Amino acid sequence: MPDSGVGDRLARREDKRFLTGKGRYTDDINRHGQAYAYFLRSPVAHARLKSVDTAAAESAPGVIAVFTGKDMEADGVGSLPCGWVVTDRHGNPHKAPPHFPLVRDKARYVGDHVAMVIAESLGQAKDAADLIELDFEELPAVVDIMKARGSGQIHDDAPENLCYDWELGDSAAVDEAFAKAAHVTKLDLVNNRLVPNAMEPRAAIGEWDPGTEEYTVYSTSQNPHLLRLILCAFVLNLPESKVRVIAPDVGGGFGSKIFAYAEETACTWASKKIGGRPVKWTADRGEAFLSDAHGRDHVTHCELALDADGRFLGMKVDTTANMGAYLSSFATSVPTYLYATLLAGQYTTPVIYANVKAVFTNTAPVDAYRGAGRPEATYVVERLVEVEARETGKDPAELRRLNFIKPDQFPYQTPVALQYDIGDYEPSLDKALEMIDYKGFGQRKAESEAKGKLRGIGLSAYIEACGIAPSAVVGSLGAGVGLWESATVRFNATGTVSVMTGSHSHGQGHETTFAQVVAEKLGIPYDNVEIVHGDTGRIPMGMGTYGSRSLAVGGSAIVKACDKIIEKSKKIAAHLMEASEADIEFKDGQFTVAGTDKSKAMAEIAFTAYVPHNYPEGVEPGLDETAFYDPLNFTYPAGVHVAEVEIDPDTGITTIADWVAVDDFGNVINPLIVEGQVHGGIAQGVGQALIENTVYDRETGQLLTGSYMDYAMPRADNFPSFRVETTVSACTHNPLGVKGCGEAGAIAAPAALMNAITDALGVEIDMPATPEKVWRAAQSRLQQAAE
Amino acid sequence: MYDFNYHRPSSLEEAAKILAGAEEGIPLAGGHTLLPTLKQRLAQPSDVVDLSGIAELKGISEAGNAVVVGAMTPHAEVNRSQVVRSRIPALAHMASDIGDSQVRHRGTIGGSIANADPSADYPAAVVGLAATVKTNKREIAGDDFFTGLFETALEEHELVVSVSFPVPEKAGYAKFANPASRYPMVGVMVAKAADGVRVAVTGAGPSVFRWTEAEQALASNWSADAIAGLSHSPDGLNSDIHASAEYRAHLIGVMAKRALAAAG
Ligand SMILES: Cc1cc2nc3c(=O)[nH]c(=O)nc-3n(C[C@H](O)[C@H](O)[C@H](O)COP(=O)(O)OP(=O)(O)OC[C@H]3O[C@@H](n4cnc5c(N)ncnc54)[C@H](O)[C@@H]3O)c2cc1C
């Protein structure tokens, strides 16, 4: 029997090294002869550069080189690409202005890269950067996304600062539905801008070996092969065979480490320019705030139409999304294919129309952040449904139930392109209502009121689409890459297994979960399975980790590779036991001749494969199989979160009194890790709803929340003890029946919490529900009550 | 961080001498404000004088009817001290809620008040408890110590030696923490002593101040009712992305009531 297989609550094996300080992150790596890079960043949001005088800096102590955009231009360095082409309402591709690693003509946000100084020490690089003389003509900063189209132009080739004006759905059909409506709910929503705040800031080392003419790039990347592809094919024009990208332990990404950034590009390029010394850069926290790709940042008007029975007739959504100053690697796809396609939620809304305008502003680039588009969609749908219930006097839980897609309607084709393979929404709702004691809420509210407190309850019946795929479909929608995954399962002669996966773990616990899958599948001890990831020199081409795809896509590739191992092993077993291959059965690590007690263990087969003295004819030695897996569809995790809050009307402080989550992630491999992912996701969603906010000065474009003094991160004492459960409707189209769990919490939580807060207040407010906003709303509510 | 000369003297005289002789000398206490400033290259002192080797700046003692806290005493020690806990529990409570555990073990009372951050906690104690600040040159009344935004009555190179807190009859402190920094957005210390009532407010204005209207009301009636009808004016209060002046003004009233409840 497997020691620790599927379904076991195993503690994460990687945590030992993380918790004892033995993790090896990019900044822990020091290469022989390494030099240090420091980036001189634009102090202003929008300026035309007249000159960048580096003479004094170049002769400063310890300085090896100073580079500007002109040097890169002279060397033919290209632009950082956006890998997803969105076609607008008129059939034109989105505006794709160049994004050079070091600016050439203009600086477009505070933190934009003006020059790179390389010195013997970081201190010397900073000292020299102080000596660079910048002469620039400051231009008005475009900050407010709703005014961006009427403001000064940021890129020559993007008139009105418009990246695209895109639509999905049938506008005329939606108008028709609205004409028949018994009730229409309208909402204006702001989805606040967030800074990802991974615990480990970004870092990179670029190293060119003059002997082999090979590059090695160490980087805090969620997808080393993708970084290699972008560096080689788009920016630096290098053969991929000469570039190795290593993403060692990475301390959190949340999407922000998917993208190819200026800094790692510049370090790679510069190492060769200075003759092959490794060039290292590590962001400090301030740089992370300024230059990591931010998340969210939508302004939306939305409407939902109901018939007299409470059935949803149609939905209209009009969103303006911020792209920031440049397009980050996948920025264009987030407010389109990862957002509007999710607007059906768990419901049978027959017609939906979404119009999304993406604009440029003089702020840091905005791209995927935990959930990427799907939290924004859930926020629209679940706030609308809740407010609709309040306006029509319906129970919010029952209004949802009435409109749920029913189990017999799957596969279900939504009006916004996606086809859900499977789902069963009522069990999650019922379980969540029972766990929170929904019926007892009135009593708890009365108790709070007796103490002078306000109490509210809020639901969020979210859906997400994970494991974005299949490649042919995403390609037809504009994706520049395939979205499959790879795995190699390699038996060693003595029976241990090395698994090379294209997924990348930066907090997800793959080393544990994937080993459980392999141990179960091959019937070998869990401790015999080693998971290798994050190194293009060791793993097959892979697509990395984002969008909760690792287990559903990467895990499926591993299963496929294991299947190949088993298939080949059967041939060897049949030979050893002098039986026909068709008679060999495999179970719990044993190959048995059907109907006999003759058997061979997996490890014996592996040994035979490498020591093939007695071996079947025509079979290659070795037991080492690679598989690529391209899913047939997305997976559709869904569930219900319920938040209950108590508000102190004197201070505006919101206390989360209770939180229950019932999620359907399909089959669960490691419940402990899944719960951890849900907790973390909820924490980030609560952060967004309650306290996190990115504020740029409206006039100057300076980042006002550039440190933890002003950017509020949630802490443990902001939360109750979450109570989380799962239901299971197994994914129909991948071999593990799994769906993905990494983003669910962040997707579900903001709507649940804002529904609870606005329920308590009886007044609409936008995220984040800061104490002052809540206090003001509570005062106006109490005043109304008194009148 | 720019280069500087590092010194660790063992007496106050030696520290004063080094500071006086330096081109641009600066004392270092817990470093929780100074070091980030240096790391961000916002200051470029020629000489940094670490006060941690000076025995006379350390420790907590009782002197007559006062509790004397040495300048280099970290917040955690103020919180733990049996003397502080038994004589001025409000001060021990205040110290327990400054920053996080690391901050409380490094940050010192001397560094905090010398820095005079408008949103630091201790200024509310120094003014609210009518403390006296002892320096290497003189004694400064708590009321005269804080002169403005990040400004104090300290002269160049003058060092805080200790802070002497007269033991009040009753005192209470309530803090509304900024959700990001967790420094007080509004912190109120109320105290009743032989020579009168004090209500000191930190975090709300450019510098700590006394809410005299509330003091008068409480002097004649030490109860929440006495200040129930009072509201502080938002004029002159801080307004930023976290809280408007109006909200801060409101919180002064709420925190004063809570401080009063804590004082008993
Ligand atoms: C994460 C974090 C959270 C915090 N939260 C809070 C909070 O909630 N509430 C709060 O009140 N504070 C808070 N602080 C501030 C902290 O508690 C310290 O009080 C503060 O950093 C200053 O004390 P220090 O000992 O570190 O002084 P240092 O940083 O060493 O010095 C500060 C300044 O005082 C000068 N100085 C130091 N000692 C003397 C002396 N004896 N005489 C004259 N000048 C002197 C120094 O030259 C320097 O200019 C926080 C700090 C951090 C880093």
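Divide the volume of the convex hull around the Cα atoms of the stretch B:94-206 by the residue count and you get 100 Å³ per residue. With semi-axes defined as the square roots of five times the eigenvalues of the C-alpha gyration tensor, the equivalent ellipsoid of the stretch A:278-403 measures 36, 14, 11 Å, largest first. Short-range pairs are left out: with C-alpha atoms under 8 Å and at least six residues apart, the relative contact order of chain A is 16 percent. Spin-label pair B:HIS105-B:LEU35: with each label point 7 Å from Cα along the Cα-Cβ axis, the two points sit 1.2 nm from one another. Simple spin-label estimate for A:ALA582 and A:ASP395 gives 5.9 nm between the two label positions (7 Å along the Cα-to-Cβ direction from each Cα).
If you take the Cα centroid of the stretch A:484-552 and the Cα centroid of the stretch A:680-701, the two points sit 35 Å apart.
Ellipsoid fit via the Cα gyration tensor, the stretch A:216-259: semi-axes of 20, 11, 6 Å, each the root of five times an eigenvalue, largest first. Once amide H atoms are placed 1.01 Å from N in the peptide plane, what residues at a sequence separation of 5 or more from B:ASN5, or on another chain, have their amide H within under 5 Å of its amide H? Residues meeting the criterion, in which the H sits 1.01 Å from N, are B:ASP47, B:VAL48. Estimated from the Cβ-Cβ distance and a Förster radius of 45 angstrom, the FRET efficiency linking A:SER471 and B:SER96 is about 0.20.
Can you classify the protein assembly as shown as rounded, prolate or oblate using the Cα gyration tensor, where a ≥ b ≥ c are the square roots of its eigenvalues, rounded means a/c under 1.5, and otherwise it's prolate if a/b beats b/c and oblate if not? It is prolate, given that a/c is not under 1.5 and a/b is the larger ratio.
Legend: residues in the stretch A:728-771 shielded by at least 10 square angstrom of accessible surface upon adding the remaining protein chains to the isolated chain (1.4 Å probe, heavy atoms) are A:PRO771. The gain in end-to-end length when the A:GLN443 to A:THR596 segment is fully stretched comes to 48.5 nm, 0.36 nm per residue minus the alpha carbon separation.
Alpha-carbon geometry of the stretch B:11-145: the Rg and the Dmax are 14.9, 45 Å, given in that order. On the beta carbon distance between A:GLU617 and A:LEU19, with R0 = 41 Å, the FRET formula returns roughly 0.20. Using a ≥ b ≥ c from the Cα gyration tensor of the stretch A:504-585 (square roots of the eigenvalues), is it rounded, prolate or oblate, where a/c under 1.5 gives rounded and otherwise the larger of a/b and b/c decides, a/b for prolate? In terms of gyration-tensor shape, prolate. Sorted largest first, the spans of the alpha carbon positions of the stretch B:58-263 along the three principal axes are 43, 37, 31 Å.
Projecting label points 7 angstrom from Cα along Cα→Cβ for A:ASN30 and A:ALA786 puts them 6.5 nm apart.
I'd like the distance separating the alpha-carbon centroids of the stretch A:402-427 and the stretch B:98-136, in whole Å. The stretch A:402-427 and the stretch B:98-136 have Cα centres spaced 60 Å from each other. Counted over the stretch B:4-119, the DSSP beta bridges are approximately 40% antiparallel.
Adding -39500 (n - 2.57) for every DSSP H run of four residues or longer, then dividing by how many residues chain A holds, sets the calculated 222 nm ellipticity at -8000 deg cm²/dmol.
Mean residue ellipticity, 222 nm, helices only, chain B: the sum of -39500 (n - 2.57) across DSSP H runs of n ≥ 4, divided by residue count and rounded to 500, is -9500 deg cm²/dmol. Centroid-to-centroid, using Cα positions, the stretch B:194-233 and the stretch B:24-64 are 33 Å apart.
With R₀ fixed at 30 Å, the C-beta to C-beta distance from B:ARG85 to A:SER721 puts the FRET efficiency at about 0.45. When the Cα gyration tensor is reduced to axis lengths a ≥ b ≥ c, the ratio a/c is 1.5 or higher for the stretch B:5-50, and with a/b not above b/c it is classed as oblate.
With a 10 Å cut-off around each Cβ of B:176-187, the average count of Cβ atoms from other chains is 4. Summing Cβ point charges (Lys, Arg +1; Asp, Glu -1) relative to the Cα centre of the stretch A:371-506 gives a dipole of roughly 380 debye.
Taken one residue at a time, the phi angles of the stretch A:739-756 give Karplus couplings (6.51, -1.76, 1.60, θ = phi - 60°) of 10, x, 9, x, 10, 3, x, 5, 7, 6, 5, x, 5, 4, 5, 5, 5, 5 Hz. Gly and Pro are set to x.
The values are calculated or read from the model by the stated rules, or taken from the named source; none is laboratory data. Keep in mind that this is a model prediction, so the values were computed, not measured. For neighbour counting, all protein chains shown are included, and Cβ atoms are generated from backbone atoms with ideal geometry for every residue, glycine included. For the accessible areas, the whole protein counts, side chains as well, though only heavy atoms, and no ligand, DNA or RNA atoms are used. Shrake-Rupley method; radii C 1.70, N 1.55, O 1.52, S 1.80 Å.
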